[in-house]
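Report on the structure given below.
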Amino acid sequence: MRVSKAQTALPLPVKRALRKLGADISIARRRRKITTTLMAQRAFIDRRSLARVEKGDPGVSMAIYATVLFVLGMIDRLADFASPANDSVGQMLADERLTTRVYQPRRPATG
């Protein structure tokens with residue numbers, strides 16, 4: 001199996017986040033008492049891919065993670081990951097760029 005440079009150069013916080021996501025998916029599946037065989041069938045993947053998801057493997061496509069979350073009824077959370085409403089850094093930067101004065105537009109000269 002080929003491993004991309006992006007996977008080998010993953011920052012440690014990214015690796016940790018993926019492992020946590022995988023562990024959380026595993027817990028959610030087991031709480032729902034869904035077997036790995038049934039979960040894989042519902043997500044249209046094989047059991048090996050599901051095992052990789054539950055380990056937080058960065059080589060698994062985002063689409064597979066999304067499908068697994070959909071099967072678990074948790075897809076709405078994925079849609080909010082990068083929501084502008086949750087982007088405190090982006091909001092802070094936008095606020096810094098606000099002007100201190102607001103001017104009324106000039107009227108065109110009539111001649």
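We did not get these values from a lab; they are worked out from the coordinates using the rules stated. Computed from a prediction, not measured in an experiment: that's the story for all the values here. Every residue, glycine among them, receives a Cβ derived from its backbone with ideal geometry; neighbour counts consider all protein chains shown.
How about the stretch 6-110: which chymotrypsin sites (Phe, Trp or Tyr not before Pro) there lie in a loop by DSSP and see at most 12 other Cβ atoms within 10 Å?
Listed in order of number, the matching sites are Phe44, Phe81, Tyr103.
If you compute percent of Cα pairs over 17 Å apart for the structure shown, which of [x] 62; [y] 66; [z] 46 do you land on?
Read-out from the structure maps to [y].
With the contact rule set at Cα under 8 Å and sequence spacing of 6 or more, what percent relative contact order holds for the chain? Please list the in-between numbers first.
On the way: 60 pairs, mean separation 25.3, N = 111.
This gives 23 percent for the chain.
Picking from Leu50, Leu18, Leu98, which is most flexible by a Gaussian network model of the chain using Cα springs under 10 Å?
Leu98
For a quick check, take a GNM of the chain with Cα springs below 10 Å and name the residue from Leu93, Leu21, Leu12 with the largest mean-square fluctuation.
Per the Cα network of the chain with a 10 Å cutoff, Leu93 tops the list.
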